[in-house]
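Asks: This is the structure I have questions about; it appears just below.
The values are calculated or read from the model by the stated rules, or taken from the named source; none is laboratory data. In this text, all values refer to a predicted model and were calculated from it rather than measured experimentally. Here the Cβ positions follow ideal geometry from the backbone for every residue, glycine too, while neighbour counts run over all protein chains shown.
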Amino acid sequence: MPIRRADGRRPLELRPVEIHRGYLHAAPGSALIRMGRTAVICSATVEETVPEWMRGRGRGWVTAEYDMLPASTGQRRPRNRLRIDGRVTEIQRLIGRALRSVVELDRLGERTIWIDCDVLEADGGTRTAAITGACVALADALRTLPPGDPDPRSCLREAVAAVSVGLVDGRVLLDLDYAEDSRADADLNLAMTASGRFVEVQGCAEGPPFSRADLDRMLAAAGRGIRQLLTAQARALAGRTRPTRCAR
């Protein structure tokens, strides 16, 4: 009989995933993504300028900001009003890199796409959920741009999604929740494109070093999960009015 996790999932099973496209009426692109009890709202807005160091090059820019709302965890988290901590900086850079990897910045023109990812509730995997939801928001924001030559509406080459995977008690587990992540012997966060290319692989051993065989198993599990998330993104962008769920 297959081993079940605390929430009833099989080891290589994603948490229930829902993508609510167009969640914010005022933003050109937005999505609320839920992965289990983790919920992140992602928005994409367009600014008709680029950072000063990019001006005059005819290229665009995609950048991200990330934060967690005060009540997103069990204990109140203070707002980042005056300074951004190292974890937040790392995550928003990761989100920005992941999205820029699939955008032809030369076709975007001298404009910036701002991606804002705000965690409503955190139960592990907030950075990976943010990447997956932000890609949907980005795709919709690009559709609102005026046509041109080259056409900025077609500068998204392919989709990108992300997921976590780890070793817990010697088993490879996909899409870790907080309880699993906090006791994992090793954990990875992976971002991968629809063509199967890795954008980012973040990972480390939290205890004893892991083997190449363990790494290969984690990469295979993450690839399987990301392919399911890419399908959920595609269904959301196809225009379904109901939340798009990832089959369990």
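Asks: Search the range 201-214 for residues being touching a residue at least 24 places away in the same chain (Cβ under 8 Å) and surrounded by fewer than 18 Cβ atoms within 10 Å (Cβ to Cβ), and hand back the single one that is farthest from the chain's Cα centre (by Cα).
Replies: Pass one, the range 201-214, residues touching a residue at least 24 places away in the same chain (Cβ under 8 Å): 202, 210, 214.
Pick out the ones that are also surrounded by fewer than 18 Cβ atoms within 10 Å (Cβ to Cβ) and you get 202, 214.
Values: Gln202: 13, Asp214: 24 Å.
Residue satisfying both the conditions and the ranking: Asp214.
Asks: Could you please tell me which pairs satisfy a Cβ distance under 9 Å, a separation of 6+ or placement on different chains, a first residue in the range 38-61 that is surrounded by 15 or more Cβ atoms within 10 Å (Cβ to Cβ) and at pLDDT 95 or above, and a second residue that is among the basic types (Lys, Arg) and assigned to a strand (DSSP E or B)?
Replies: Once the first residue is surrounded by 15 or more Cβ atoms within 10 Å (Cβ to Cβ) and at pLDDT 95 or above and sits in the range 38-61, its partners that are among the basic types (Lys, Arg) and assigned to a strand (DSSP E or B) give Val40/Arg34.
Asks: Among the residues that make up the range 67-89, is at least one of them modelled with pLDDT under 95, of a type outside the set (Ser, Thr, Tyr) and in a strand (DSSP E or B)?
Replies: To start, the set of residues in the range 67-89 that are modelled with pLDDT under 95 comprises 67-89.
Okay, now just the ones that are also of a type outside the set (Ser, Thr, Tyr), so 67-71, 74-88.
Adding the requirement that they be in a strand (DSSP E or B) leaves 67-68.
Yes, the range 67-89 has at least one match.
Asks: Now a separate question. Closer than 22 Å to Arg34 by Cβ, crowded, with 18+ Cβ neighbours inside 10 Å and within 17 Å of the chain's Cα centre (by Cα): does that describe Ala194?
Replies: Numbers: closer than 22 Å to Arg34 by Cβ: yes; crowded, with 18+ Cβ neighbours inside 10 Å: yes; within 17 Å of the chain's Cα centre (by Cα): yes.
Criteria met by Ala194.
Asks: What is the residue count in the range 19-32 for residues that are surrounded by fewer than 17 Cβ atoms within 10 Å (Cβ to Cβ) and under 17 Å from Thr128 (Cβ atoms)?
Replies: Of the residues in that region, 0 qualify.
Asks: Got a sec? Which of Val165, Val136 is assigned to a strand (DSSP E or B) and not polar (S, T, N, Q)? Explain how you work it out, then say what you get.
Replies: Values: Val136 fails: assigned to a strand (DSSP E or B).
Selected residue: Val165, the only one of Val165, Val136 that is assigned to a strand (DSSP E or B) and not polar (S, T, N, Q).
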